[in-house]
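First up is the structure itself, then whatever we jot down about it.
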Amino acid sequence: MNYNQKLQLLIDGKWVGSSNRETIPVFNPATEEVISHLPIANESDLSNALNSSKKGFEIWKKWSPLRRQALMLKTVEIIKRRSDEIAKTLTMEMGKTFRESKQEINQVIETITWCAEEGKRTYGRIIPSRDGLARQMVIKEPIGPVAAFVAWNFPGGNVIRKVASTLAAGCSIIIKPSEETPGTGVAIGECFMEAGLPPGVLNIVFGVPDNISKFLLKSSIPKAVTFTGSVEVGKHLQSLSSQTLKKCTLELGGHAPVIICNDVDIAKVLNKIAYWKFRNSGQVCISPSRFFVQEAVYKEFIRGFVDITKQIKLGNGLEDSTDMGPLIFGRQVEKMEYFVENAKSLGGKINCGGQRFGTKGYFYEPTVLTDLPMHAKMLNEEIFGPLVPIIPFKSLEDAIEKSNSLSVGLASYIFTEDQKSSHFLSNNLEVGIVCVNHTIVSVPETPFGGVGESGYGKENGIEGLESFLTSKYITEISHL
Ligand code: NAD
């Protein structure tokens, strides 16, 4: 099947191709074939993007929220029309199953729709004055042009969380989607442009990531930076932003604990959590990744997880029979090998999986591991792949101690039907998100983000727009 998405930069409302520019290859992770070539922005492109973003902001901030909403909803209709084709691009460049790609495009549609509506509710407030004479108001204003950088694991979802919320807040945005998965973001950009987005409101650039961020962030034009990716790069971007004091929103890595208590029906829990684990081959920042199971149900949980895991069918995401696609690139496969080798060297038991799969494509078998000491690498470094370490715990205090042992804290999962246990665990987990007895962590109307080294600032929910708004205080007396 052909990859039909044309890869271009979007600078000042114009699509810019590869002529006179370097290109980098884009691979299909299921086949390792080069499927396209991506033009990368030169300094003049980046400079134009910055200036155009400034001009675009001046235009866009004057549009009323209602008018912005109308354009965003028009974009939604165009995305719906192109949804199958964009989902195919997504699967070919990222590897996830076509079914998951369709769900992601649906998430893109829902996010734009929700943000477009919420843009009408950037309410301020009136504060009663001390003497009754002054009228004291707080009004919300868009912060200005925004620079955004996102990871490859949700080529549509990560891009749209940035784009929809900045546009709804009245800001312009320069975004660098991932070079591994560029086509989905470009396709979404095409839909906005077809809907009539003014030039400069959205610019899309690609290149050597560090060169792009250094160039964009040293400029005083972007007033905020928003990033989805690793802790290490998040810290680096915060430090680059400090020169011009940009407001940062950092959605970084996690290592989600899953706490399964003695009182649950294990079959029901497995039905929810096991499939959730292998979504996107485990390459999800909120993926359940450290399984803490109370002693009485520990063995039953392992048996059940292994049974399900053995049935997961690996393959090209475009094939209907595929349950789980490849990892994004070879480096990810090597990371799984590193974790598994380390586990073996520490006496860990491989209950199923434990190796690469096939001879073409970046596949790694879904793998269930037990008998690991708490200092095993995979319990301390983010896995971001299909490994399932299962650890027993005795008391709830023990589960909390194990769960809170890292510097990151993004999502967490609890399974218990005992309300006392649920309250104790959810109150004591040091994380941004707690999900009790289910796995629906992220929808457009609820806040998403972590604590500690998982970053700060939220996406989605009313908090998501706040990242791109400033509060202006006006106090006014009607006469001198
Ligand atoms: P990464 O930080 O290396 O790369 C992520 C993105 O940032 C890529 O597009 C990359 O090109 C870009 N990037 C890298 N260096 C950059 C730089 N110097 N300047 C600007 N952009 C740069 O991360 P990765 O390992 O490729 O992606 C997985 C990581 O992303 C995991 O840690 C995962 O948890 C995290 N992530 C977090 C969330 C969240 O919402 N919290 C969502 C998805 C992924």
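The values are calculated or read from the model by the stated rules, or taken from the named source; none is laboratory data. Everything numeric in this text was worked out from a predicted model, so none of it was measured. We place every Cβ from the backbone using ideal geometry, glycine too, and count neighbours over all the protein chains shown.
Residue 168 fulfils the conditions (1) in a helix (DSSP H, G or I); (2) within 16 Å of the ligand (Cβ to nearest atom); (3) surrounded by 24 or more Cβ atoms within 10 Å (Cβ to Cβ); (4) among the hydrophobic types (A, V, I, L, M, F, W, C) except for a single criterion, (2). Annotation for the range 190-210: at least one member residue is within 15 Å of the ligand (Cβ to nearest atom), part of a helix (DSSP H, G or I) and surrounded by fewer than 22 Cβ atoms within 10 Å (Cβ to Cβ).
Residues in the range 171-187 that are assigned to a loop (DSSP other than H, G, I, E, B) and either outside the structural domain of residue 89 (by TED's automatic domain parsing) or within 11 Å of the ligand (Cβ to nearest atom) (or both): 177, 178, 179, 180, 181.
Kindly provide the set of residues from the range 423-444 that are more than 15 Å from the chain's Cα centre (by Cα), more than 22 Å from residue 406 (Cβ to Cβ) and touching a residue at least 12 places away in the same chain (Cβ under 8 Å), ordered by number.
First, the residues of the range 423-444 that are more than 15 Å from the chain's Cα centre (by Cα): 423-431, 434-439.
Subset that is more than 22 Å from residue 406 (Cβ to Cβ): 423, 437-438.
Those that are more than 15 Å from the chain's Cα centre (by Cα), more than 22 Å from residue 406 (Cβ to Cβ) and touching a residue at least 12 places away in the same chain (Cβ under 8 Å): 437, 438.
Hey, could you check the range 451-461 for residues that are near the ligand (Cβ under 10 Å from one of its atoms) and of a type in the set (Gly, Ala, Ser) and say which is farthest from residue 286 (Cα to Cα)? Here the residue is 455.
In this structure, residue 341 does satisfy being in a helix (DSSP H, G or I) and more than 28 Å from the chain's Cα centre (by Cα). Of all residues in the range 403-430, those that are within 14 Å of residue 290 (Cα to Cα) and crowded, with 17+ Cβ neighbours inside 10 Å total 11.
Listed residues 302, 260; which is surrounded by 24 or more Cβ atoms within 10 Å (Cβ to Cβ) and more than 16 Å from the ligand (Cβ to nearest atom)? Criteria check complete, one pass: 260.
Checking every residue in the range 72-89 against the condition of being surrounded by fewer than 17 Cβ atoms within 10 Å (Cβ to Cβ), charged (D, E, K, R), in contact with a strand residue (DSSP E or B) (Cβ under 8 Å, 6 or more places away or on another chain) and more than 20 Å from residue 163 (Cβ to Cβ) gives zero matches. Condition first: out of contact with any Leu (no Cβ under 8 Å at 6 or more places or on another chain) and within 11 Å of the ligand (Cβ to nearest atom). Now tell me which residues in the range 234-251 satisfy that. The answer is 235, 236, 239, 249, 251. Taken together, the residues in the range 139-155 that are closer than 18 Å to residue 241 by Cα and within 10 Å of the ligand (Cβ to nearest atom) amount to 4.
Scanning for something in the same structural domain as residue 271 (by TED's automatic domain parsing) and in a helix (DSSP H, G or I), does the range 402-415 turn up at least one residue? Within the range 402-415 (the criterion being in the same structural domain as residue 271 (by TED's automatic domain parsing) and in a helix (DSSP H, G or I)), the answer is yes, since at least one residue qualifies.
Hey, can you tell me all the residues within the range 440-450 that are crowded, with 17+ Cβ neighbours inside 10 Å and away from the ligand (no atom under 11 Å from the Cβ)?
444
Of all residues in the range 466-476, none satisfies being within 16 Å of the ligand (Cβ to nearest atom), modelled with pLDDT of 95 or more and either part of a helix (DSSP H, G or I) or within 15 Å of the chain's Cα centre (by Cα) (or both). Checking 75, 23, 91 one by one, the residue that is in the same structural domain as residue 108 (by TED's automatic domain parsing), closer than 30 Å to residue 357 by Cα and either free of Cβ contacts under 8 Å to residues at least 60 places away in the same chain or of a type outside the set (Lys, Arg) (or both) is 91 and no other. Being free of Cβ contacts under 8 Å to residues at least 60 places away in the same chain and of a type outside the set (D, E, K, R) is the requirement here; does residue 281 meet it? When the stated conditions are applied, residue 281 does not pass them.
Confirm whether residue 66 is touching a residue at least 12 places away in the same chain (Cβ under 8 Å), among the hydrophobic types (A, V, I, L, M, F, W, C) and in contact with a strand residue (DSSP E or B) (Cβ under 9 Å, 6 or more places away or on another chain). Against the criterion (touching a residue at least 12 places away in the same chain (Cβ under 8 Å), among the hydrophobic types (A, V, I, L, M, F, W, C) and in contact with a strand residue (DSSP E or B) (Cβ under 9 Å, 6 or more places away or on another chain)), residue 66 does not qualify.
Of the residues in the range 389-398, at least one is over 22 Å from the mean Cα position of the chain (by Cα), closer than 25 Å to residue 154 by Cβ and away from the ligand (no atom under 16 Å from the Cβ). Working only within the range 220-233, note down all residues that are more than 14 Å from the ligand (Cβ to nearest atom) and in a loop (DSSP other than H, G, I, E, B). Within the range 220-233, 220, 221, 223 qualify.
Within the range 451-480, the residues that satisfy the criterion of being hydrophobic (A, V, I, L, M, F, W, C) and touching a residue at least 40 places away in the same chain (Cβ under 8 Å) are 451, 462, 465, 468, 469, 474, 477.
Of the conditions (1) in the same structural domain as residue 268 (by TED's automatic domain parsing); (2) of a type outside the set (Lys, Arg); (3) not in a loop (DSSP other than H, G, I, E, B), residue 430 fails just one. Which one is it? Only one criterion is unmet by residue 430, namely (3). Just to be sure before I move on: is residue 158 assigned to a loop (DSSP other than H, G, I, E, B), within 16 Å of the ligand (Cβ to nearest atom) and either assigned by TED's automatic domain parsing to the domain that holds residue 207 or hydroxyl-bearing (Ser, Thr, Tyr) (or both) in the structure I sent? So residue 158 fails the test. Candidates are the residues of the range 263-291 that are in a loop (DSSP other than H, G, I, E, B) and more than 15 Å from the ligand (Cβ to nearest atom); the one that is nearest to the chain's Cα centre (by Cα) is 278.
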